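The values are calculated or read from the model by the stated rules, or taken from the named source; none is laboratory data. Please read these numbers as outputs of a predicted model, since none were measured by experiment. With ligands, DNA and RNA removed, areas are computed over all heavy atoms of the protein, side chains included. Shrake-Rupley method; radii C 1.70, N 1.55, O 1.52, S 1.80 Å.
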Amino acid sequence: MQFVNPVQKWLNKDVAAITPYEPGRPIEEVAREMGMAPDCINKLASNENPLGPSPRALQAMEAHLADMYLYPDGGAYSLRTKLAGQYDVAKKQVVLGNGSNEILEFIGHCFFGKGRSIVVSAHAFVIYKLVARMFNTAVREIPTRSLQHDLDAMADAVDETTCAVFVCNPNNPTGTLAGPDEVEAFVERIPDETLIVFDEAYAEIALGTMPDTLALIKTRPNCIMLRTFSKAYGLAGLRIGYGIGPEPIIESLQKARQPFNVNRMAQEAALAALDDRDFIERSRSHFAASKEYLQSECRKAGLEYVPTYANFLLVKAGDSAGVTRQLTEKGVIVRPMAGYGLSQYIRVSFGRTEENERFIRELQHVMAG
Ligand SMILES: *Cc1c(COP(=O)(O)O)cnc(C)c1O
């Protein structure tokens, strides 16, 4: 029985107009579709950490399994205190999200609305645009210069309607990095009334010099930074991220948050992961080696790529959708980039060494065929 939707007339138009985000395809889904065993498939599509979860986090999760009948601490006292200590800020300057993506939504709830605008770079993380649409907020998407954020042009685009400007750094999906001087000059040009959001999902493993965002947060009233446990710490499946910023802004974001948005397992794992400096170092050097390998193989194969500062590489492979499909048929999942306005590119996440090698082999077959 098919019903017409009797509640359609209530459906919020801004929500109805949204095209859902397309994540990297899950291994299980591709396995079902291709009739392959899941362990024959390599997922290099969501910038996860191929070394797995931080071992300390794993140990903490195992140790706390039996506590899962209890609600989490909604105020996340221990984790927020620990993060505050690590960054030398007050606990009230820390907000947690169910992934840092959820904090992007808090920002929407708090600051977006009709008649307002946000400024983003072209080819940047699409969630900013998605949240803006949800809140009927205009998006000013500023063209890049050689696929780098054009921070000058972004500052030019800010006006009295601009509630927030987003700097994704290193940027997903291009892997480019905006350096300290450039970012400091940019911040000088943004009025205090516009929120500056530094989305630094890859900061812990960034393969270059990050700007000192923390110093900006401490000296400016309108800067916040977002971090996540999904990437460097290898905890993408748990959904936990955080924001650091001035107290009044964080206090507003807290109001948009559901009481138990970050689950107990995630809080325990994150607490332990923060002490796992060794794991971060190992991950970083693996990513540095992966970058060397993949970039050099692309050069040998005559494939253009964008030099990366994160754990993924944007490769110019021609027909992005077609190449992605052919790689998927061979059991290697990458991400097509047409949705990011980069129809000639695929994005490949760094895998384990043998996964990187397999990707190169399969890509060469596809390009030769
Ligand atoms: C992965 C990623 C995030 C973090 O997502 P979570 O919700 O924390 O898993 C945020 N921003 C960018 C640019 C990312 O690539």
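Report E182's accessible area, 1.4 Å probe, all protein chains in place, as a number in Å² to the nearest 10.
E182 has an accessible surface of roughly 70 Å² with all protein chains in place.
Determine the shape class of the stretch 169-318: with a ≥ b ≥ c the square roots of the Cα gyration tensor eigenvalues, call it rounded for a/c under 1.5, and otherwise prolate if a/b is greater than b/c, oblate otherwise.
Since a/c reaches 1.5 but b/c is at least a/b, the shape of the stretch 169-318 is classed as oblate.
I'd like the distance separating the alpha-carbon centroids of the stretch 1-60 and the stretch 268-315, in whole Å.
A separation of 23 Å, based on Cα centres.
Which of K114/K218; K114/K255; K91/K231; K291/K330 have a Cα-Cα distance over 26 Å?
Among K114/K218; K114/K255; K91/K231; K291/K330, the Cα-Cα distance tops 26 Å for K114/K218.
Ordering T328, T209 by accessible area with a probe of 1.4 Å, largest first, what comes out?
The residues order as T209, T328, largest area first.
Equivalent-ellipsoid semi-axes (√(5λ), Cα gyration tensor) for the chain, whole Å, largest first?
On the way: eigenvalues 190, 131, 111 Å².
Here the semi-axes work out to 31, 26, 24 Å.
Given the whole protein assembly as supplied and a 1.4 Å probe, what does the accessible area of M34 come to in Å², nearest 10?
Spelled out: M34, probe radius 1.4 Å, area about 60 Å².
With a ≥ b ≥ c taken as the square roots of the eigenvalues of the C-alpha gyration tensor of the stretch 243-369, please select rounded if a/c is under 1.5 and otherwise prolate if a/b is larger than b/c or oblate if it is not?
Prolate, since a/c reaches 1.5 and a/b exceeds b/c.
State, as an integer percentage, the relative contact order of the stretch 55-273 based on alpha-carbon contacts under 8 Å between residues 6 or more apart.
Once normalised by length, the contact order is 30 percent.
For the stretch 1-104, what does the alpha-carbon gyration tensor say about shape, rounded, prolate or oblate, given a ≥ b ≥ c as the root eigenvalues, a/c under 1.5 as rounded, and a/b over b/c as prolate?
oblate
Would you tell me the accessible area of R25, worked out with a 1.4 angstrom probe on the heavy atoms of the protein chains, in Å² to the nearest 10?
In the full protein context, R25 sits at about 70 Å².
Which whole-number percentage describes the relative contact order of the chain, with Cα contacts under 8 Å and a sequence gap of 6 or more?
Taking the mean separation of contacting Cα pairs over the length of the chain, I get 23 percent.
What accessible area per residue comes out for the stretch 55-273, rounded to a whole number of Å², with a 1.4 Å probe?
On the way: 8600 Å² over 219 residues.
On a per-residue basis, the stretch 55-273 sits at 39 Å².
Carbon and sulfur together cover what percent of the accessible area of the stretch 55-273 at a 1.4 Å probe radius?
Carbon and sulfur: 50 percent of the exposed surface of the stretch 55-273.
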